[in-house]
Structures are given as C-alpha cells and as structure tokens.
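Participant: My structure is below; once you've seen it, I'll send some questions.
The values are calculated or read from the model by the stated rules, or taken from the named source; none is laboratory data. Owing to the predicted nature of the structure, the values given are computational and were not obtained by experimental measurement. In this analysis, Cβ positions are derived from the backbone assuming ideal geometry, glycine residues included, and neighbour counts consider all displayed protein chains.
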Amino acid sequence: MKKLFLIGVALTLAFAMSAQKQMITSAWSYLKDGYLDDAKKAIDKAEANPQTAESFKTFWFKGQIYQELGSSKNKKYQALCSDCYEVAYEAYMKALKYNFVKAEHRDIDFTTQAGLMKFANILNQNNEANYESTEAFMDILFQRFPALSNAFVNKGINAFQGGDYETSYNQFAKAIEISTLTFSIDTQIYYYASLAAMNSKKYEEAIALNDFLIGANYGPDDKERVNIYKNQAIALKETGDTAKMIKMLEEGINKFPNDNYPLVIETFNYYVGSGNSGKAKDYINMAMKNDPNNAQFLVIRGTLSQELKDNKGAEADFNKALELDPNNYDAIYGLGALYINTAADTVEWAEKNIPPTNFEELGKYDEIAKEYQTKALPYLEKALTIKPNDLQVLQTLREMYYKAGKYEESQQMSARIKELTE
C-alpha cells in the first residue's frame, strides 16, 4: 500500500508539472494564433506557478506576448496593459538569465560595466553549452531586442513632440539600454535622449550623453555639432561647473571656427553675467566678425566700452547703430546716458583736481559739462517718445529741465512720474 501511495504521489506531481508546462505551450499557441488575451492569461499563470516561474520559456514567451500587446491596434488588447513594452523588456531580461546553464551566469548585473564585460565574454565563447536554448538566446538578442528598441524610440519621439520630456527621456534611455546589450550602438538615439534630458532638466544625464556624442563626433554637420557643445555647456553651467563650461565653449569655438557663433554668444552672456566686461567685449568682437552690421551688437559693445571707460569707442558704436537703425531705443538712450555720465564725470574730476578758489578754471569745466548735458537732451527726449513710461528717462529729464530753468517741463515730468508710481 505504501509503495502504491508513493507511486500515486509521483504521478500526481508529474501530472501537475505537465499541466503547468502545458500553460506555457498554450500561451505560445494562443500567441501564434493571435489570441493575445488568452495568451496573456496563460503566460501570467505560468509565471505565477513555482514550477515554471524560473523557466526561460515562460519569460521568452511572455516578452513576445507583451511586445505584441504593445504594438497591437486592437483596443481590447491595448487595454490589457499600460506599460507593455516595459514588461516585455523585463521578461526578456529574465529569459536571458534563466537560459544560462551555469548559476554564476544567472547573477550577471547587466546595468554595470563589469556585468556587460562578463556578458560579452560569454558571447565571445560562442559555446552552445552555455545556454539551455541557443535559439531563444539569439532570438531575443537579434530579433526581439532591435524591434523593442525601435518601439521605445517611437514612444520617446511621440512623448517629446507632445512636450512630455520626462517620459521621452525614459523611453530613449530604455532604448539605449537595449542597444547596449546587443552591442549595436545607435548614436542617434543618444542624441534624442540628450535633447529629452536637457528639456526635462536632467542635466547630469545630459552631460553623460553629450560626452558620448562629442567623443563620437556625432552630427550631420558642424552646425549640429556646435549645438551639442552648446547644450553641454548649458548643462555644465546648470550643475555649477562653470570652469568646465568655459572650457567646453572655448573648445567648440576653436574647433568650429566657421559655425561657432552660438558658442561665442553663450560665452559672451556668461562674462556679461559675471561682470567681466573686458572678456565680454572680446567675445562680442568675435561675434561681430560674422555680423558686423548688427545694430544691437554695436549697442552692446558700446555699453561695454562705456563700462571700460572707452567713451569714444562707445560713442562711435552708438552712432553706427543709429545709422543702421535710427529708432533703436538702446542706442538712443545709450548716447543720452553716455553724455549725461560724461558731464557728471567732468564736474567730479574738476572738483577733485581744481582748487575751489580757481573760479575761472572751474567755470571752464562747468561749461564743458553743460555742453554734454545739451548734447544728451535730444537723445533722452527721443527715447521718451519711444518709451513714454520709462521712469529712469522721466527722472533724468525732470532733473535736467530743472537745472536748465525749464520749470514747466520739469513739472510735467514730475506729474508723469506721479501717475506711474501712485
């Protein structure tokens, strides 16, 4: 009786194992026949059962089923999972591990450089004895993964176009993971991922991606390569590494002399923001080599020249800007401010360097200052016609009119200021 009981138990266990393996077979049959809902039910059951939970076939088939669900146009199937491709990817990764014969191979960490090197070493052995099924191994690496990578790329593009940069980056990052496993690097995916990382403010990730792109000299032309250098500089600035940012900008400026304009402007902006007028002027001069008749550049250089006490250079640039653009507010106001400041500097110098008893000499400098104030007046008046609510211009004109004895005009300015500030 005892022997018969043991035989019965063994038969029961064998039948149970056979039944569970049958679920894998059923899942495969449903998949081939296009019944994806039934295929999903069968493979989910196989995964949940301890007897088949570590079978490479369970996850090989699961990956295919979920991949098909992800690409299906049938709304019924689309509703069965919201992250079909992600599930498919995880399933394939488990299939790869469970397909290894040796337990030590099943512990590979594919997310590390060491793990990838170990994986590459196994591949280089070209030994079928390493796998339970060479067919499954090759199918996943060279059939399923490339198609899955393309699916993630398409999702990334759609998310990017829809303004969902976070999702877009995650999709491209997954595509990069897959391409790394197949040792077929697609630099264009890295480029897409870098743009998504920049737009989602993942600057550390963007830096790593841009480093790869720069090292690979990626880009259809120098203009595109310059854009990658610019993005890298911005990412470095956002992480606080301004030293590397400047180095990156200068490297790009020297490497792409004919297309470096965006990098020159970025460098100029940095030096303006950091208060280094001398360096800023160097880079605006560089920018003007490609665009010498840009009125706004002339205004900028004029302003920098004024800060560097080069009033003649500033005056020349403001006047040249007005020749190109007679109604350029910044050039008009710039000249007015230049003459006002020169008048103030003249009086200040005289008070410091001429004895107060030397009335004749002080009078000469006072007249010079008045001449500059007179030159400034029409520019400031014209600036006010362009921007009638500019408080700084209104306040300056109020004071000038008062000193010139034009009390009515001064009161008008006061009234305007009162209207704007109360």
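Participant: Let me confirm something: among F212, F172, F137, F160, which residue is of a type in the set (F, W, Y) and under 30 Å from V101 (Cβ atoms)?
Facilitator: On the way: F212 fails: under 30 Å from V101 (Cβ atoms); F172 fails: under 30 Å from V101 (Cβ atoms); F160 fails: under 30 Å from V101 (Cβ atoms).
Among F212, F172, F137, F160, only F137 is of a type in the set (F, W, Y) and under 30 Å from V101 (Cβ atoms).
Participant: While we're looking at this one, here's another question. Here are some residues: F110, F152. Which one is within 16 Å of S184 (Cβ to Cβ), part of a loop (DSSP other than H, G, I, E, B) and out of contact with any Pro (no Cβ under 7 Å at 6 or more places or on another chain)? Step through it out loud before you land on a result.
Facilitator: On the way: F152 fails: part of a loop (DSSP other than H, G, I, E, B).
Answer to the check: F110.
Participant: Can you say whether I189 is of a type in the set (A, V, I, L, M) and either surrounded by 14 or more Cβ atoms within 10 Å (Cβ to Cβ) or out of contact with any Ser or Thr (no Cβ under 9 Å at 6 or more places or on another chain) (or both), as far as the supplied structure shows? Give the steps one after another, and end with the answer.
Facilitator: On the way: of a type in the set (A, V, I, L, M): yes; either surrounded by 14 or more Cβ atoms within 10 Å (Cβ to Cβ) or out of contact with any Ser or Thr (no Cβ under 9 Å at 6 or more places or on another chain) (or both): yes.
The answer is yes for I189.
Participant: A further question follows. Mind listing whichever residues of the stretch 247-261 are surrounded by fewer than 19 Cβ atoms within 10 Å (Cβ to Cβ) and part of a helix (DSSP H, G or I)?
Facilitator: Within the stretch 247-261, K247, E250, E251, N254, K255, Y261 meet the criteria.
Participant: Across the stretch 378-389, what is the total count of residues that are surrounded by 15 or more Cβ atoms within 10 Å (Cβ to Cβ) and touching a residue at least 24 places away in the same chain (Cβ under 8 Å)? Spell out how you get there, then give the answer.
Facilitator: Initially, the stretch 378-389 is screened for residues surrounded by 15 or more Cβ atoms within 10 Å (Cβ to Cβ), giving 379-384.
Next, only the ones that are touching a residue at least 24 places away in the same chain (Cβ under 8 Å) stay: 379-380, 382-383.
Number satisfying all stated conditions: 4.
Participant: Moving on. Listed residues Y190, Y98; which is aromatic (F, W, Y) and within 18 Å of the chain's Cα centre (by Cα)? Steps first, answer last, please.
Facilitator: Working: Y98 fails: within 18 Å of the chain's Cα centre (by Cα).
From the options Y190, Y98, the qualifying one is Y190.
Participant: Here is a further query. Any chance the stretch 65-77 includes a residue that's surrounded by 18 or more Cβ atoms within 10 Å (Cβ to Cβ), more than 22 Å from Q143 (Cα to Cα) and in contact (Cβ under 8 Å) with a residue 24 or more places away in the chain?
Facilitator: Yes, the stretch 65-77 contains at least one residue that is surrounded by 18 or more Cβ atoms within 10 Å (Cβ to Cβ), more than 22 Å from Q143 (Cα to Cα) and in contact (Cβ under 8 Å) with a residue 24 or more places away in the chain.
Participant: Additional query: Can you pull out the residues in the stretch 215-251 that are β-branched (V, I, T) and either in contact with a Pro (Cβ under 8 Å, 6 or more places away or on another chain) or closer than 23 Å to Q171 by Cβ (or both)? Talk me through it step by step, then tell me what you get.
Facilitator: Step one: filter the stretch 215-251 for residues β-branched (V, I, T), giving 226, 228, 234, 239, 242, 246.
Selection gives V226, I228, I234.
Participant: Looking for whichever is of a type outside the set (V, I, T), at pLDDT 95 or above and surrounded by fewer than 21 Cβ atoms within 10 Å (Cβ to Cβ) here; the options are E307, E323. Which one fits? Reasoning before the result, please.
Facilitator: Values: E307 fails: at pLDDT 95 or above.
Criteria check complete, one pass: E323.
Participant: Another question, if that's okay. Residues in the stretch 124-154 that are over 30 Å from the mean Cα position of the chain (by Cα) and either touching a residue at least 12 places away in the same chain (Cβ under 8 Å) or under 22 Å from S55 (Cβ atoms) (or both): how many? Before you say what the answer is, go through the steps one by one.
Facilitator: As a first pass, look at the stretch 124-154 and keep what is over 30 Å from the mean Cα position of the chain (by Cα): 124-144.
Okay, now just the ones that are also either touching a residue at least 12 places away in the same chain (Cβ under 8 Å) or under 22 Å from S55 (Cβ atoms) (or both), so 127-144.
Result for the stretch 124-154: 18.
Participant: Check A243 against each of (1) surrounded by 15 or more Cβ atoms within 10 Å (Cβ to Cβ); (2) farther than 30 Å from N150 by Cβ and name the one condition it does not meet.
Facilitator: Unmet for A243, out of (1) surrounded by 15 or more Cβ atoms within 10 Å (Cβ to Cβ); (2) farther than 30 Å from N150 by Cβ: (1).
Participant: Still on this structure: For the stretch 161-200, give me each residue that is over 18 Å from D211 (Cα atoms), of a type in the set (F, W, Y) and without any contact (Cβ under 8 Å) to a residue 40 or more places away in the chain.
Facilitator: Across the stretch 161-200, the qualifying residue is only Y165.
Participant: I need the full set of residues from the stretch 1-59 which are assigned to a loop (DSSP other than H, G, I, E, B) and either at pLDDT below 90 or more than 24 Å from K75 (Cβ to Cβ) (or both), in order please. Reasoning before the result, please.
Facilitator: Going through the stretch 1-59, the residues assigned to a loop (DSSP other than H, G, I, E, B) turn out to be 1, 34-35, 49-55.
Within the stretch 1-59, M1, N49, P50, Q51, T52, A53, E54, S55 qualify.
Participant: Turning to a different aspect of this structure: Would you check which residues across the stretch 197-240 are surrounded by fewer than 15 Cβ atoms within 10 Å (Cβ to Cβ) and part of a loop (DSSP other than H, G, I, E, B) and list them?
Facilitator: Matches in the stretch 197-240: K201, A216, N217, P220, D221, T239, G240.
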